[in-house]
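Each reported figure results from applying straightforward, stated rules to the coordinates on display, with no laboratory input. None of these values were measured; they are calculated from a predicted model. Glycine also receives a Cβ, built like all others from the backbone with ideal geometry; neighbour counts cover every protein chain displayed.
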There are 2 protein chains.
Amino acid sequence: MRTIPLIQFGFGGVGRAVVRRVMKARDEFEWRYGIQLQYVALCDSNGAAVEAQGISFGDLERAMAAKEAGRGLADTPIGYQHEGLLDIVDVAGVTGAIVIDVTASDETVPALQWALDKDYFAVLANKKPLAGSIASFRQLTDSDRLRYEATVGAGMPIIAALRQALIASNDHVRRIEGCFSGTLGFLTTGLQAGESYSALVRHAKQQGYTEPDPRDDLGGMDVARKALILARTMGWPLELSQIEVESLYPPELAAGSPADFLEAISALDEPFRARVAEAQAAGQTLRYVAALESGAAQVGLRAVPVDSPVGRLQGTDNLAAFYTDVYAPNPMVLQGRGAGVDGTAAGVLADIVSLALTDR
Amino acid sequence: MRTIPLIQFGFGGVGRAVVRRVMKARDEFEWRYGIQLQYVALCDSNGAAVEAQGISFGDLERAMAAKEAGRGLADTPIGYQHEGLLDIVDVAGVTGAIVIDVTASDETVPALQWALDKDYFAVLANKKPLAGSIASFRQLTDSDRLRYEATVGAGMPIIAALRQALIASNDHVRRIEGCFSGTLGFLTTGLQAGESYSALVRHAKQQGYTEPDPRDDLGGMDVARKALILARTMGWPLELSQIEVESLYPPELAAGSPADFLEAISALDEPFRARVAEAQAAGQTLRYVAALESGAAQVGLRAVPVDSPVGRLQGTDNLAAFYTDVYAPNPMVLQGRGAGVDGTAAGVLADIVSLALTDR
């Protein structure tokens, strides 16, 4: 039995889902893989609960309960330190730890790099550290001690399919086409069904399908970061600024509060209705598509054939279609839930196991 | 740079495609993974070409040319030995080799077991060794030194998705539904379009979509073996005899030559047309489906909703739909080319790289 120390940055919804999944998997992982996952540090934005001997399941439960009741990690029985991430990563006597980044911040990069230099491992659901400069991406990933399956399509093995099935078989990826936003999938499927843009955006916001400010989804930058991560995984030296991104709201609506925005968007209903009608007249439907080909990437609303893999996609599911030398003319397609705390936590756990089994 | 010795059982279409893929990947794998794949033995059904120092690319080319010209491996410049596989596996001075089984025989099991006991690795495109007794499956797979991605869905990462994305994230797989035969996909899509059973079977045979005897596809045992491998990968202690298999021809047509069979099957057109009409009246379509649930597996012709993942599948593409706790109500779906020498060779190469990178 090998014990794998875990250090987690982030204790929000995804962070707690990861903790719960780790706890639930304990018996299964002991007999199946001969590994025991053990938290030694849990960090939120103010500091960290650290216990080099391992945080007990009871204390993990109490920390989650405190957080869910609106109290901070500091308000738990675990020893709490108001320190920066670099100090937390340097837990005395811990070796071979896996650092889990489930924040949404790019400020974790120095701590991640420091951990990798220390021969730790890292698992990211956080896209930001991989969406900085290409030099920073390479520094983080070159050692192959960092995994990031959950950054694209949550728990779906999209990165694994690309790395392990296509790149490792020396197949040539000619084009990737994908829908990587459940929110924008909900929007485009609704537009196709004749609903109005403003009603769909308001509904999505009410249902919690969007970020607190829906413009964070509608602007397309989250999808662009996923496209960037796929491109860089293929070795393309792309920067985020080089990706063409179409925003689903005009620049004049960028200012003002989310409430102002939701008020103003009825003016967009007619232009979107016209685009939908134009697509339908040509036997097509609109989808918010990330397309990667010949070293370049575009992200935006596209009219696609109704009976194409992307056109058949309905609702919030994500999809990745890989057009390669082997998968031609039909692509290899991976489809399913690509968001949500459970799927994301599942992706994180899969990466943890993958690293634990590599490091024997 | 690490050199990984390769010992290959089988030098037919898939076997040669693997050799070609290995040769083509040489430069790429050197810089990407720091590994050099080097054949030390190539075996056909009569014996083997063995060269412990590594068979040169020139000799590999000559061996493939000889084989494609209808001559045997023995008729090549490489030293040829008329020996059993056990002797071949025991190449003097070779350690850490990967044995590749691309035969269609169950007689490779003792040599595979012997290789694993010797701390070699194994990669199978051959289903037979994994479709014997559950005890034999466990003996081969328990060490985790054997990979078999190409046995189900060729190069598509179906086994990887199951093992690495679902099992390793402690997700609970409730049901797997899949179409794992390009031939039967061609048949059922054609039936849906109104073509007759006999015309489709004859056409498939002419186009080389079927085995030399089409009954080897139509009987369903090949799909049943794939279902068995998926079940066992989940830890289900299933035997092949416990899988319900529906054959697409009646027992009275089991005797006689393939030509006799193709002559006699016009009598089946009407019964199949009736089943298709019945399904269509209910808004459904027929697909040859492998279904795994609650520890049991069935393989046969099923009426499925036209707009389900399996119902939407067209032509020879394969599909696997995983219904799990995380992927609910919509399954995670993997779809694409699931047969052919190129896809199968790609799956074999992906497994070789996976083992080479694990063994550091």
*Positive-end extreme of charge dipole, chain B - chosen from B:Q139, B:G336, B:A224 (charges on Cβ)*: B:G336
*Label points 7 Å out from Cα along the Cβ direction at A:L86 and B:A135: separation in nm?*
6.1 nm
*How far apart are the A:Q36 label points across copies, placing each 7 Å from Cα toward Cβ, in nm, shortest first?*
4.4
*Evaluate the charge dipole of the protein assembly as shown about its Cα centre and quote only its size in Debye, nearest 20, assuming +1 on the Cβ of each Lys and Arg and -1 on the Cβ of each Asp and Glu.*
100 debye
_Cβ-derived FRET efficiency at R0 22 Å, A:Q36 paired with B:R174, nearest 0.05_ = 0.20
*asked:* Taking the number of other C-beta atoms within 10 Å as the exposure measure, put A:M221, A:M234 in order starting with the fewest.
replied: A:M234, A:M221
*asked:* Using a 10 Å cut-off around each Cβ of peptide A:185-197, what is the average number of partner chain Cβ atoms that fall inside?
replied: 0
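Find how much the distance from A:E270 to A:A254 grows on full extension, using 0.36 nm per residue of separation minus their present alpha carbon separation; answer in nm with one decimal.
3.8 nm
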*Hey, if you put +1 on the Cβ of every Lys and Arg and -1 on every Asp and Glu Cβ in segment A:167-336, which of A:S308, A:F180, A:G208 ends up farthest toward the positive end of that dipole?*
A:S308
*May I ask for the Kirkwood hydrodynamic radius of the protein assembly as shown, worked out over all distinct Cα pairs and given in angstroms to one decimal?*
27.3 Å
*Which distance in nm do the two modelled labels at B:F57 and A:S143 give, with both placed 7 Å along the Cα-to-Cβ direction?*
3.4 nm
*Mind telling me which of B:T188, B:T233, B:T95 comes out most flexible in a GNM of chain B, alpha-carbon contacts under 10 Å?*
B:T95
_Local electrostatic count at B:L218 - Lys and Arg +1, Asp and Glu -1, tallied over other residues with Cβ under 11 Å_ = -4
_segment A:277-303 versus segment A:191-249: alpha-carbon centroid distance in Å_ = 13 Å
*Please give the average number of partner chain Cβ atoms lying within 10 Å of the Cβ of each residue in A:152-161, rounded to a whole number.*
4
*Report the semi-axes of the equivalent ellipsoid for chain A in whole Å, largest first, where each axis is √(5λ) for an eigenvalue λ of the Cα gyration tensor.*
37, 25, 18
*Report, in whole Å, the centroid distance computed from the Cα atoms of segment B:27-61 and segment B:81-129.*
15 Å
*Once you've got the GNM for chain A with C-alpha springs shorter than 10 Å, pick whichever of A:R275, A:R16, A:R232 has the biggest mean-square fluctuation.*
A:R275
*Can you give me the span-like helices of chain B, meaning DSSP H runs with 24 Å or more of Cα extent along the axis and Kyte-Doolittle mean at or above 1.0?*
B:341-358
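Can you compute the FRET efficiency between B:S241 and A:E263 using 1/(1 + (r/R0)^6), with r the Cβ-Cβ distance and R0 = 56 Å? Round to the nearest 0.05.
My answer for the efficiency is 0.25.
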*Taking all pairs of different Cα atoms in segment A:167-336, averaging 1/r and flipping that mean, what Kirkwood radius in angstroms comes out?*
16.6 Å
*Can you give the charge dipole size of chain B about its Cα centre, rounded to the nearest 20 debye, using +1 on the beta carbon of Lys and Arg and -1 on the beta carbon of Asp and Glu?*
760 debye
*asked:* If I build a Gaussian network model for chain B, linking alpha-carbon pairs within less than 10 angstrom, which residue out of B:A131, B:A165, B:A296 has the largest mean-square fluctuation?
replied: B:A165
_Using a 7 Å Cα-to-Cβ projection, A:A69 label spacings across copies, nm, ascending_ = 8.3
_Fewest-first sequence of A:F180, A:F137 by Cβ atoms within 10 Å of each Cβ_ = A:F137, A:F180
*Rank these for me by crowding, B:T183, A:T3, B:T141, going from fewest to most other beta carbons within 10 Å.*
A:T3, B:T141, B:T183
*Pull up the cross-link candidates among the lysines for B:K118, meaning alpha carbon to alpha carbon under 20 Å and not fewer than 8 places away within one chain.*
none
*For the protein assembly as shown, build the charge dipole from Cβ charges (+1 Lys, Arg; -1 Asp, Glu) around the Cα centre, then report which of B:A282, B:L166, B:A350 sits farthest towards its positive end.*
B:A282
*Label spacing, shortest first and in nm, from A:E239 to its equivalents in the remaining copies (7 angstrom along Cα→Cβ)*: 6.6
_Spacing of the two label points (7 Å from each Cα toward its C-beta) at B:N46 and A:R71, in nm_ = 8.1 nm
*Might you report the magnitude of the Cβ-based charge dipole of segment A:167-336 about its Cα centre, with Lys and Arg at +1 and Asp and Glu at -1, to the nearest 20 debye?*
360 debye
